[in-house]
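Notes to accompany the following structure.
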Amino acid sequence: MKCAAAYARQSVEKKNSVSISGQLDLCCRAAGEQELKIYQDAGYSGKNTERPDFQRLLKDIRADRISTLYVYRLDRFSRSVADFGQLWEILRKHHVEFVSVSENFDTSTPMGRAMLHIIMVFAQLERETTAERVRDNYYRRLSLGAWPGGPAPYGFTVGRARNGEGQVVPTLLPNEKADIVLRIYQMYGENGDVSLRSLAKTLMEEGTPGPGGKHWDNCSISRILHNPTYVMADEQVRLHYLGHGGNVVSPQEAFDGGHGLLLVGKNGGSGDNTVSVLNSVGLVPADLWLRCQEKLARNRQIGNTGRGTHSWLSGLMKCAKCGYSLNVAAQGDKRWLLCSGRYNRRCCDAVIGVKVAELEAGVEEEITKLLAECPDEAAEPVEDDGYAKRLEELERRADRLLDAFAENGDMSNACLHRALGRLEEERQALLEAQKREMGRKQVQRQKLAFSELSFCEKKMVAAQFVERIEAEGDSAEVRWRV
């Protein structure tokens with residue numbers, strides 16, 4: 001048997017807003033002597049359609065248990081025109097009348113149905129206008145060099161400062177962790193052998209506090225190294241972003257070698273970003289910051305060739321208990337496995353007793369069998385694997401730099417030559433990597449003798465056959481791609 005229902009919602013309690021009990025009381029008055037089945041959601045936004053009692057209400061409507069639905073106001077039920085359109089179809093399908101108490105209409109009349117749609121359109125317009133004002137305010141702060149909001153990056157605290165127009169605006173102030181940021185850049189940028197992983201491990205072993213009190217890992221180090229907030233931005237940094245197609249909104253004179261940058265949009269060389277100079281000081285000299293960006297880009301483009309590791313299975317081995325990578329440690333002729341979840345993140349207690357040499361021998365035996373079963377035919381034609389696109393992107397970056405130079409007479413030849421020199425170094429590195437990759441793909445399958453391959457070649461072949469190796473205690477399970 002059908003009955004009338006009332007639904008009330010309040011996301012947060014405010015002084016001038018009607019409480020849930022107040023909404024329900026008004027609905028009961030409008031329903032008169034009808035007995036209402038009550039549905040209410042506290043602490044949920046109207047944009048969230050996964051509200052518990054809201055979903056219970058929809059379930060009862062679909063079960064044809066509701067005849068009329070009372071709400072205090074339309075936006076208590078739905079905040080989106082698209083969402084309400086779907087909800088209204090459900091109500092109509094199950095013959096449920098909709099009554100908005102404060103807006104004085106119900107859908108049992110044509111005028112009520114028309115008013116319903118008109119109100120929803122204006123409510124949507126109001127929300128979009130509010131969102132636009134928020135965006136405009138954000139970019140206004142950005143143009144003034146102020147910190148636009150949100151948590152401060154590691155090494156900074158949000159404070160207040162007076163800008164050039166005499167306004168007091170948010171800014172970033174260095175805190176006690178600022179020296180750690182500079183040290184991270186120095187360790188990574190001044191030592192070619194230091195990787196993100198080894199740097200995180202060093203900081204963990206020293207007990208250095210991580211962002212948000214969390215452990216250091218590759219991702220937290222990478223976020224700090226990519227963040228332009230830390231750079232003391234000069235003309236070379238400006239050219240770096242111009243070369244990547246970035247939208248640099250601050251004037252050239254703002255890049256004074258002392259202030260940090262704010263990047264809105266995607267990081268890296270996609271060009272989908274806006275760059276402006278902040279009113280806060282930078283922590284890292286421009287040449288060191290740029291050196292780190294070059295190293296990060298080189299590692300991202302070329303990848304790990306496997307040099308300097310102790311096993312050609314590195315990168316494929318995981319801890320079966322926590323899922324983190326297994327590192328190979330070595331001393332003399334002895335090699336053993338360490339769980340990075342245990343020694344880097346302190347979140348696992350696994351002890352791996354698998355012998356690396358025996359594991360390699362077993363995997364090598366299986367790969368040799370698989371290679372023997374391969375048909376006696378040449379490999380597929382060599383494909384470029386994206387190197388041509390990367391080289392084209394470098395050419396475009398060089399063209400953008402030259403265009404910027406042509407349009408700006410204040411840019412020095414020395415600055416341009418240094419920027420172009422960096423692009424040429426990246427191009428040569430890509431050409432070398434492309435040459436190695438094409439040579440690898442031109443090898444015919446039937447001629448591969450795995451035992452005769454070099455360390456790097458074994459690593460590449462193993463990656464083609466092995467999906468992952470999970471080790472726990474003294475045993476290991478190999479998951480093959482074939």
### Message
Residues to consider are 243, 257, 212; find the one that is more than 20 Å from residue 286 (Cβ to Cβ) and not hydroxyl-bearing (Ser, Thr, Tyr).
### Response
212
### Query
Hey, residue 73 hits all of (1) within 13 Å of residue 7 (Cα to Cα); (2) of a type outside the set (Ser, Thr, Tyr); (3) open to solvent by 50 Å² or more (accessible area, probe 1.4 Å); (4) modelled with pLDDT of 90 or more but one; which does it fall short on?
(4)
### For residue 401: the one exception among (1) open to solvent by 80 Å² or more (accessible area, probe 1.4 Å); (2) more than 30 Å from residue 360 (Cα to Cα); (3) modelled with pLDDT of 65 or more
(1)
### Query
Does region 191-210 hold any residues that are farther than 18 Å from residue 315 by Cα and open to solvent by 40 Å² or more (accessible area, probe 1.4 Å), and which are they?
191, 192, 202, 205, 206, 207, 209
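If I filter region 456-473 down to residues being in a helix (DSSP H, G or I) and open to solvent by 70 Å² or more (accessible area, probe 1.4 Å), which single residue comes out as modelled with the lowest pLDDT?
For region 456-473, the residue satisfying everything is 457.
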### Message
So if I check each of 162, 183, which one is open to solvent by 50 Å² or more (accessible area, probe 1.4 Å) and closer than 30 Å to residue 338 by Cα?
### Response
183
### Summary
By residue number, the members of region 28-69 that are within 18 Å of residue 3 (Cβ to Cβ), open to solvent by less than 20 Å² (accessible area, probe 1.4 Å) and not in a helix (DSSP H, G or I) are 39, 66, 69
### Query
Residues of region 70-84 being outside any helix (DSSP H, G or I) and among the charged types (D, E, K, R), which ones?
73, 79
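Within region 228-245, is there a residue that is open to solvent by 10 Å² or more (accessible area, probe 1.4 Å), in contact with a Gly (Cβ under 6 Å, 6 or more places away or on another chain) and modelled with pLDDT under 90?
Checked against the condition, which is being open to solvent by 10 Å² or more (accessible area, probe 1.4 Å), in contact with a Gly (Cβ under 6 Å, 6 or more places away or on another chain) and modelled with pLDDT under 90, region 228-245 yields at least one hit.
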### Query
Tell me, which residue of region 1-27 that is aliphatic (A, V, I, L, M) and outside any strand (DSSP E or B) is surrounded by the fewest Cβ atoms within 10 Å (Cβ to Cβ)?
1
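Tell me, which helices (runs of 4 or more DSSP H) lie completely within region 154-233 with 2 or more residues that are among the basic types (Lys, Arg) and in contact (Cβ under 8 Å) with a residue 40 or more places away in the chain?
Fully inside region 154-233 and qualifying: 196-206.
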### Task
Look at region 246-267 and say how many of its residues are open to solvent by less than 20 Å² (accessible area, probe 1.4 Å) and either aliphatic (A, V, I, L, M) or under 17 Å from the mean Cα position of the chain (by Cα) (or both).
2
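The values are calculated or read from the model by the stated rules, or taken from the named source; none is laboratory data. The structure presented is a predicted model; accordingly, all values stated were derived computationally and were not measured. Cβ coordinates were reconstructed from backbone atoms using ideal geometry, including for glycine residues, and neighbour counts include every protein chain displayed. We work out accessible area using only protein heavy atoms, side chains counted, and drop any ligands, DNA or RNA first. Shrake-Rupley method; radii C 1.70, N 1.55, O 1.52, S 1.80 Å.
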